[in-house]
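Student: Here you go, one structure.
The values are calculated or read from the model by the stated rules, or taken from the named source; none is laboratory data. Small disclaimer: the values here were computed from a predicted structure and weren't measured. Please note: Cβ atoms are built from the backbone with ideal geometry, for glycine as well, and neighbour counts cover all protein chains shown. Heavy atoms of the whole protein, side chains included, go into the accessibility calculation; ligands, DNA and RNA do not. Shrake-Rupley method; radii C 1.70, N 1.55, O 1.52, S 1.80 Å.
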Amino acid sequence: MFGGVFGGGSQKPAQSAPMGGMPGMGQGQGQMDPNAQLAAAEQEMEMVTDMFARLGELCNKKCILQRYSDEDLTKAESVCIDRCVAKYFQVNREVSDKLAKLSQANQ
Amino acid sequence: MSNPFTRMPSQDERAAATKVTDSCAFKAGFSGIAGYGIGLMFGLVLSGIEFSSPVDTTASTKQQIKTVIKDMGNKSLSSAKNFAIMAAIYSGSECMIESYRAKNDIYNSIGAGCITGGTLAAKTGPRGMAAGCAGFAAFSAGIDWYMHKDD
């Protein structure tokens, strides 16, 4: 099930946990049907938007101080945001690798 | 080629400039220069308050004035150098501690104060270093608390 999401067509996952985590997968190159291509692009766009929203909310909650004394980010906050984004992508990658392995083991 | 002094900087240029000015090395260097300036003023004031070395009273007035002014200048330069080193160490270490912890609270100042006090008192042995660390850390914690108490 998880391996076939990108190649699979217009199936929209109910609970979208972002797969892979890297924007712009470019998996739709091999598709001939323009409708399928459009659907895949839509799905990818939705996933990227969802990932963006989650990432923004998570790193905002974790890193941004409640003390709004200055409009610029402090050094601590910008370092924290860099690390937060890197960790998020790393976690996504590892989770999707594990799921791929599990699904392969199940087959 | 458009004139870089009269055009608005582009987004990339501004981002690159921000990256430089937010780096720890730049902050330390800038604080060092500012510390040098403040140290000059402070040294000048201090040399007026302190008892100066005895002046040769047989020389002419102009000579005496020249000697005193040279002495004031030397004291002020040495004080400026000390202030510059202190400010650079404090600013650099605070920036590094903050980058490492990824938190913005008072403990960054305390740690930076301890490092600065300890480094400046390095010649007086471990006890002197501990005392310098504690003293400077308390001082910088107080200043930091005062500066941020209304946030």
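Student: Set the bar at 26 Å for Cα to Cα. Now go through B:66/B:123; A:87/B:27; B:70/B:123; B:19/B:75; A:61/B:19 and name every pair that lies beyond it. Don't jump to the answer; show the numbers that get you there.
Tutor: Details: B:66/B:123 34 Å; A:87/B:27 28 Å; B:70/B:123 28 Å; B:19/B:75 37 Å; A:61/B:19 24 Å.
Long pairs (Cα-Cα over 26 Å): B:66/B:123; A:87/B:27; B:70/B:123; B:19/B:75.
Student: Moving to a separate point now. Just the number, please: buried accessible area between B and A, total of both chains, 1.4 angstrom probe, nearest 100 square angstrom.
Tutor: 900
Student: For segment B:1-134, just the Cα set please: Rg and Dmax, both in angstrom.
Tutor: Using the Cα atoms of segment B:1-134, the pair Rg, Dmax is 21.3, 67 Å.
Student: Given the Cα atoms of the protein assembly as shown, and with Rh set as the inverse mean 1/r over their pairs in the Kirkwood sense, what is Rg to Rh to two decimals?
Tutor: Numbers: Rg = 29.8 Å, Rh = 24.2 Å.
Rg/Rh: 1.23.
Student: All other residues with a Cβ under 12 Å from the Cβ of residue B:107 taken together, and with Lys, Arg as +1 and Asp, Glu as -1, what is their net charge?
Tutor: Values: positive: B:101, B:103; negative: B:94, B:98, B:105, B:144.
Local charge sum for residue B:107: -2.
Student: Could you tally the net charge around residue B:24, taking each other residue with its Cβ under 10 Å from the Cβ of residue B:24, Lys/Arg +1 and Asp/Glu -1? Kindly include the intermediate steps, with their values, before the conclusion.
Tutor: Values: positive: A:75, B:27; negative: B:22, B:94, B:98.
Around residue B:24, the surrounding residues sum to -1.
Student: Can you pull the accessible area of residue B:119 for me, 1.4 Å probe, Å² to the nearest 10?
Tutor: Looks like 70 Å² after rounding.
Student: Over chain B, what is the relative contact order in whole percent, taking alpha-carbon pairs under 8 Å and six or more residues apart? Walk me through the numbers before you get to the answer.
Tutor: Working: 153 pairs, mean separation 32.4, N = 151.
That works out to 21 percent.
Student: Would you be so kind as to list the residues of segment B:120-151 that have their accessible area lowered by at least 20 Å² in the full protein complex compared with their chain by itself (1.4 Å probe)?
Tutor: B:148, B:151
Student: Just which residues of segment A:61-75 lose 50 Å² or more accessible area with every protein chain there, against their chain alone, with the probe set to 1.4 Å?
Tutor: A:67, A:75
Student: Further question on the same structure: Roughly to the nearest percent, how much of the accessible area of the protein assembly as shown is carbon and sulfur, given a 1.4 Å probe? Don't jump to the answer; show the numbers that get you there.
Tutor: Working: 11710 of 18420 Å².
After summing per-atom areas, the C and S share lands at 64 percent.
Student: Have a look at segment B:78-99 and report residues whose accessible surface goes down by 50 Å² or more when the remaining protein chains are included, against the chain on its own, probe 1.4 Å, ligands and DNA/RNA excluded.
Tutor: Buried-area filter returns B:99.
Student: Further, regarding this structure: By how many degrees, 0 to 90 and rounded to 10, does the Cα axis of helix B:61-101 deviate from the longest principal axis of chain B?
Tutor: 20
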